[in-house]
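Have a look at the structure below before the remarks.
Just so it is clear, none of the values below were taken in a lab; they were calculated from the coordinates. Fair warning: this is a prediction, and the values are worked out from it, not measured in the lab. A quick note on method: Cβ atoms are made from the backbone with ideal geometry, for glycine too, and the neighbour counts reach across all protein chains shown.
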Amino acid sequence: MSLNPPSSNDACLSIVHSLMCHRQGGENETFAKRAIESLVKKLKEKKDELDSLITAITTNGAHPSKCVTIQRTLDGRLQVAGRKGFPHVIYARLWRWPDLHKNELKHVKFCQFAFDLKYDNVCVNPYHYERVVSPGIGSGSLLPMTGHNEGLLQIAPPHPQMAPTPPPSTSTHTGPTQQNGYVTPKQNQQQPSQQYHNNTPTWTGSSTTAYTPVGPQQNGRGHQQPPLHLSNHFWSQHHNNLSFPPVSTHPGPEFWCSIAYFEMDVQVGEMFKVPASCPVVTVDGYVDPSGGDRFCLGQLSNVHRTDASERARLHIGKGVQLECRGEGDVWMRCLSDHAVFVQSYYLDREAGRAPGDAVHKIYPGAYIKVFDLRQCHRQMQQQAAPAQAAAAAQAAAVAGSIPGPGSVGGIAPAVSLSAAAGIGVDDLRRLCILRLSFVKGWGPDYPRQSIKHTPCWIEVHLHRALQLLDEVLHTMPISDPGPVN
């Protein structure tokens with residue numbers, strides 16, 4: 001292909017190919033190509049406007065360009081590949097701001113056919129619009145969703161950049177309490193309006209919990225936000241490492257986590273290890289080479305890939321960001337345009353559920369804590385202690401030194417105690433693992449009963465937690481436990 005940009009006299013295919021090279025990557029390639037093809041075909045009879053579009057896009061707006069117009073539809077929206085959106089927003093996302101919200105555009109003064117002017121023709125030249133941040137953007141408020149998914153527990157975890165301050169308690173009832181970075185309610189003691197105001201969770205009986213942001217910020221693609229690992233008031237107030245001694249004095253691992261990618265029940269590609277020097281890692285659906293702080297799933301091939309996996313992979317997009325904080329806590333931000341589904345014992349506890357009892361739906365833009373190292377260590381110790389006691393009692397029972405009803409030479413007690421002593425390494429390893437499915441959920445609320453039935457998912461092994469598990473296992477009655485990581 002020539003280094004010179006095409007002109008309106010060139011074939012549509014050449015023009016589309018050139019304009020595709022300048023897209024920002026926020027949309028999947030199929031959608032972007034359909035949107036650009038549609039626009040080029042509409043402009044083929046208006047050569048001066050098509051030339052203006054080519055000039056604007058290929059020079060990144062460096063050269064002045066005219067309005068590029070298409071016919072306004074009845075509802076003002078344009079349909080591309082089965083999706084509807086405002087046309088000026090669609091093309092501004094494609095070529096300028098992939099994380100743009102529809103309320104963030106303001107036309108420049110010289111644009112004669114801007115969308116807001118309500119003419120029959122609408123200008124879609126991305127360089128005839130400026131991006132403005134509306135007052136709600138960047139506030140970091142995460143509020144409960146309303147209007148659908150009534151069976152979901154809807155929790156609004158405070159955004160770390162600006163955490164709400166709980167109102168002072170004036171009575172003994174009611175008020176929410178803050179625990180582990182979340183606002184948690186007193187059981188059944190607040191009306192829905194109060195719950196919305198105070199950012200408290202509400203459980204309505206489903207096995208899926210939902211986490212969502214509200215406000216224009218939150219397709220969450222994070223380019224304009226400060227780095228996740230910066231300290232802030234909320235973190236220092238609730239998670240100040242100085243207030244707790246380290247869980248372990250053992251030096252930290254070289255890699256803070258390993259990530260395995262699966263399609264259905266098949267692991268695809270090698271385990272991806274994230275060095276401790278990269279506390280924030282992005283897992284996305286693009287085809288760039290993986291390395292350091294980025295794991296790109298789009299470049300992984302699978303000869304047995306199903307159609308369901310192929311379709312779901314198109315929607316991973318910007319995926320998720322995982323951040324290791326402090327000694328080993330983990331926070332997650334959903335950067336994708338689609339929800340992700342997480343299995344997390346920490347979130348189970350925050351939702352008041354039994355471990356492994358719930359699947360947590362994380363909406364685009366939500367930023368939440370998904371793993372707490374200190375809590376995980378406590379759970380390990382709590383499970384290890386009865387196992388150790390049971391093993392000691394079992395040994396005594398086998399020796400016949402435990403009297404009591406049902407004891408026949410100590411055999412019956414030994415049988416019952418062996419179950420308590422039978423906590424294995426796999427049971428404890430689950431405490432150190434996060435599982436996350438892209439696009440599709442699983443569990444009692446979905447057709448897929450297991451994450452292994454979802455089209456694309458990842459498993460995150462947390463190495464600091466596995467280190468602690470190694471220490472705990474040496475106190476348990478397990479022969480030759482060996483290193484677990």
Would you mind computing, in nm to one decimal, how far apart the modelled labels at ASP426 and LYS47 are, each placed 7 Å from Cα along Cα→Cβ?
7.1 nm
With label points built 7 Å along Cα→Cβ from the Cα atoms of ASN9 and CYS21, find their separation and express it in nm.
2.0 nm
Roughly how big is segment 32-133's charge dipole about its Cα centre, with Cβ charges of +1 (Lys, Arg) and -1 (Asp, Glu), in debye to the nearest 20?
260 debye
Nearest-0.05 FRET efficiency for ARG378 and GLU254 at R0 = 25 Å, using Cβ-Cβ distance, is 0.45
Looking only at segment 36-54, which residues have a backbone nitrogen under 19 Å from a spot 7 Å from the Cα of GLN71 in the C-beta direction?
36-50
Taking θ = phi - 60°, what integer Hz values does the Karplus form 6.51 cos²θ - 1.76 cosθ + 1.60 yield along segment 115-123, in sequence order, with x for Gly and Pro?
4, 5, 7, 6, 6, 5, 9, 10, 7
Summing Lys, Arg as +1 and Asp, Glu as -1, what charge do residues with Cβ under 10 Å from the Cβ of HIS453 carry, HIS453 excluded?
+2
